[in-house]
1. Provide the per residue accessible area, probe 1.4 Å, for the stretch 116-170, rounded to a whole number of square angstrom.
2. Sticking with the crude label model, points 7 Å out along Cα→Cβ, report the distance from Glu340 to Lys458 in nm, one decimal please.
3. Under the 0.36 nm per residue contour assumption, what length would be gained going from the current alpha-carbon distance of Thr146 and Arg47 to full extension?
4. Could you compute the FRET efficiency for Glu61 and Tyr369, with r as their C-beta to C-beta distance and R0 at 22 Å, rounded to 0.05?
5. Counting Lys and Arg as +1 and Asp and Glu as -1, what is the net charge of the other residues whose Cβ lies under 10 Å from the Cβ of Arg469?
6. What is the percent carbon and sulfur in the accessible area of the chain, measuring with a 1.4 Å probe over the protein chains and ignoring ligands?
7. Please name which of Ile207, Ser473, Leu39 has its Cα lying farthest along the dipole of the chain towards the positive end, using unit charges on Cβ (Lys, Arg +1; Asp, Glu -1) and the Cα centre as origin.
8. Can you work out the accessible area per residue across the stretch 30-85, with the rest of the protein chains kept in place, probe 1.4 Å, in square angstrom?
Amino acid sequence: METVPQPTRTNPPLLDAEQPPQIPLLETPEGPRFTNRELSWLEFNARVLDEARDPTVPLLERLKFLAIFSSNFDEFFMVRYAGIWRQIDAGVETPGPDGRTPRKVLEAISRRSHELVAMQHHIFDSILPELWASRILILNDTELTTAQRSYLQQYFEQTILPIITPMAIDPGHPFPYLANRTLCLVAELEPIEKWAMPMADTAIIHIPAAVVQRFIRVPAAEGEYAFVPLEAVIRLHVSQLYPGCRVRHCSAIRVTRDGEIDISDDQNDLLLTIEEAVRRRRLGAAVRLQYETSLSPAMLARLTQELELDPLDMFPAQGLLSLTDLMQLWSQVDLPQLKEHPIPPQPVTAFDGAADPFAAIRNGDILLYHPYQDFEYVVRFITMAAADPDVLAIKITLYRMSHNSSIARALLTAARNGKEVAALVELRARFDEEANIAWARRLESTGAHVIYGIAGYKTHCKAALVVRREGDSIRR
């Protein structure tokens, strides 16, 4: 097999371990001595970025922190940044406790966000040579061997091509909807054949990163991990999508949309209200555009107009967009020496030495510290309660439930076994509303009593009560 050529790209020098570049502190405005909460949150995320540039942190963990930083930023723009825009659109000009009007807050957020994003890309660029030294390669089209090109050609035709749907923009096809946090390619076209799409000069390609890995592993020398970004693979074969046309530019973009949902507490049916609000979230107003600097000025102006964006909302990048997906590299690379050593959760001797959780609790109170001690003890407690014929009822609060929640499955079992199951399911757990709604409906369908939160409050607490018959008495 061919070996991958040595990189020819020019990377910034590695960060100086002794004197790393300093993230500037917030400038405190004169006036009331309050810190704006949005700007304070940005400084929290800056500390996440500090972990990514710390040379004492294992290399792949530094990539993970870059991914976490990006993921945090996505939610920040979908909720907090979008919330400031809502105030501006509503005409709010009253200064907040920190002395800033919403517009001044937005300007400060944008300025600080651009600084942090520039720092993030600088850190990523400085990590690349270390990745190459560790034989982890993120390749571009000029660094591919013949064997890798052949592999990607086959992968494109068999896996990618059947999924993607290029959308041409012409008088008969208006500008398409760009989904929230979806990476897209903007192809600017020029027909070179008379029969080739004479009316269309632009096409949008949604990159199917939700169903295909963003970083595609390609053949490499033994012991090497070589990856090519999905958008680079599509761009490499984009001419196959538009026969008879020349692709003048093909640049990646990514739109972030308002993700907050408005729910008043006097709704008659909170479940239906939140279901409808979650559907509307997908159509939220655009609040940020990330784009490659190769995007033509004319196309950038067009996108700005179509998405109704302010110059403060524009985030250019010379490297990869959406570094959130770097988490995939962490999971695909099996090099333990480049990761933190896993810390196994500690056992709980009170449970391990008892016949079952009920016997352990009967012997005395047990205090568990999570995540230092295994949460599986809690799962086992609820699971055994669901199957125990002496258990009469389970009452529980549920804030966030994953799609494969063990606790939720145990509650379904308990309800099917004829036990009284009462669950307070908080439907307003941000970005987990859909999973919570799905579980709430399933619990109701099995006969469980479900409460959809409490008006005026968001229930974060995790509490459970098991009612069990023990001898001639009832024990809680």
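1. Working: 2340 Å² over 55 residues.
Value for the stretch 116-170: 43 Å² per residue.
2. Spacing of the two 7 Å Cα→Cβ label points: 2.5 nm.
3. On the way: separation 99, 0.36 × 99 = 35.64 nm, distance 4.24 nm.
Taking Thr146 through Arg47 to full extension adds about 31.4 nm, to one decimal.
4. Values: r = 23 Å, r/R0 = 1.07.
Once rounded, the FRET efficiency stands at 0.40.
5. On the way: positive: Arg468, Arg475; negative: Asp388, Asp390, Glu470, Asp472.
Local net charge: -2.
6. Numbers: 12860 of 24570 Å².
About 52 percent, which is the carbon plus sulfur part of the accessible surface.
7. Ser473
8. Numbers: 2350 Å² over 56 residues.
Solvent-accessible surface per residue comes out at 42 Å².
The values are calculated or read from the model by the stated rules, or taken from the named source; none is laboratory data. Predicted model, so just to flag it, every value in this text is computed and none were measured. Ideal geometry is used to build each Cβ from the backbone, glycine not excepted, and the neighbour counts take in all protein chains shown. Please note that ligands, DNA and RNA were not included when accessible areas were found on the heavy atoms of the full protein model with its side chains. Shrake-Rupley method; radii C 1.70, N 1.55, O 1.52, S 1.80 Å.
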